[in-house]
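Visitor: Encoded as structure tokens, here's the structure I'll be asking about.
The values are calculated or read from the model by the stated rules, or taken from the named source; none is laboratory data. What you see is a predicted model, and the numbers here were worked out from it, not measured in a lab. All Cβ positions, even for glycine, are placed from backbone atoms using ideal geometry, and neighbour counts span all protein chains on display. Accessible surface is based on the protein model in full, side chains and every heavy atom, while ligands, DNA and RNA are left aside. Shrake-Rupley method; radii C 1.70, N 1.55, O 1.52, S 1.80 Å.
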Amino acid sequence: LSPEPTVYFSKLQAMAPDGRCKTFDARADGYVRAEGAGLVVLKRLSDAQRDGDRILAVIRGSAVNQDGRSNGLTAPSGRAQAQVIRASLDNAGLQPKDVGYVEAHGTGTPLGDPIELDALKTVFGAPREDGSTLYVGSVKTNFGHAETAAGVAGVLKLVACLRQGQIPPHLHLTQVNPRIRLDGTPLAISTELQK
């Protein structure tokens, strides 16, 4: 291999030198590796009710897809992200206005974060008639990218939000990445406790 692809790859794969995941921030300079594990027991609601299980949350819908052609790991396909969000809403029988919080992937990269928020704007970007806010956050600001447990960590955070009736502050955000434009949308990054 020539040195150029290696240099290019290392710039895209940068780890945050200070060990802080600064998702959506102008200082975002890479992701933070973490280790973790999480467990979610999934069961049909009717079966859980029949069995007397303690139900912490109900998943109303889901969807899967993949990025297709993209510019690499840190440059996801915004189009593919918007498509999977729409498919998930359709599967759940929900409209964009029905959603009050999105737990973003939010790795803290200067290119990936704006792409993800642009996908959210594509689906949720229309101002809401009631003026309500759609908050966005990422658990990765708390402890980094927990490798294969990253997705389940976000699910567990969301369940905790629902159970507590609160959205915790999104950490390490001092100035929003200049590539992220939220004006004229209902989206806001939750930097304070929301009840």
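Visitor: Filter segment 121-172 for residues that are over 26 Å from Gly184 (Cβ atoms) and basic (Lys, Arg); which is surrounded by the most Cβ atoms within 10 Å (Cβ to Cβ)?
Guide: The residue in question is Lys140.
Visitor: Then there is this: Scan Thr122, Thr109 and give me the residue that is closer than 13 Å to Gly78 by Cα and touching a helix residue (DSSP H, G or I) at 6+ places or on another chain (Cβ under 9 Å).
Guide: Thr122
Visitor: Could you check segment 76-103 and list, in sequence order, the residues that are open to solvent by less than 30 Å² (accessible area, probe 1.4 Å) and either at pLDDT 95 or above or among the acidic types (Asp, Glu) (or both)? So that I can check it myself, show each step before the final result.
Guide: Step one: filter segment 76-103 for residues open to solvent by less than 30 Å² (accessible area, probe 1.4 Å), giving 76-78, 80, 82, 89, 92, 99, 102.
Selection gives Ala82, Leu89, Ala92, Val99, Val102.
Visitor: Criterion first (under 25 Å from Glu35 (Cα atoms), in contact (Cβ under 8 Å) with a residue 60 or more places away in the chain and in contact with an Asp or Glu (Cβ under 8 Å, 6 or more places away or on another chain)) does Leu173 satisfy it?
Guide: Taking the combined requirement at face value, the residue satisfies it.
Visitor: From the list Ala28, Ala48, Ala57, Ala34, pick out the single residue that is farther than 30 Å from Arg181 by Cα, in contact with a helix residue (DSSP H, G or I) (Cβ under 8 Å, 6 or more places away or on another chain) and not aromatic (Phe, Trp, Tyr).
Guide: It is Ala57.
Visitor: Restricting the search to segment 40-75, which residues are at pLDDT below 95, over 21 Å from Gln95 (Cβ atoms), open to solvent by less than 80 Å² (accessible area, probe 1.4 Å) and among the polar types (S, T, N, Q)?
Guide: If the condition is that a residue be at pLDDT below 95, over 21 Å from Gln95 (Cβ atoms), open to solvent by less than 80 Å² (accessible area, probe 1.4 Å) and among the polar types (S, T, N, Q), then Ser70, Thr74 are the ones that fit.
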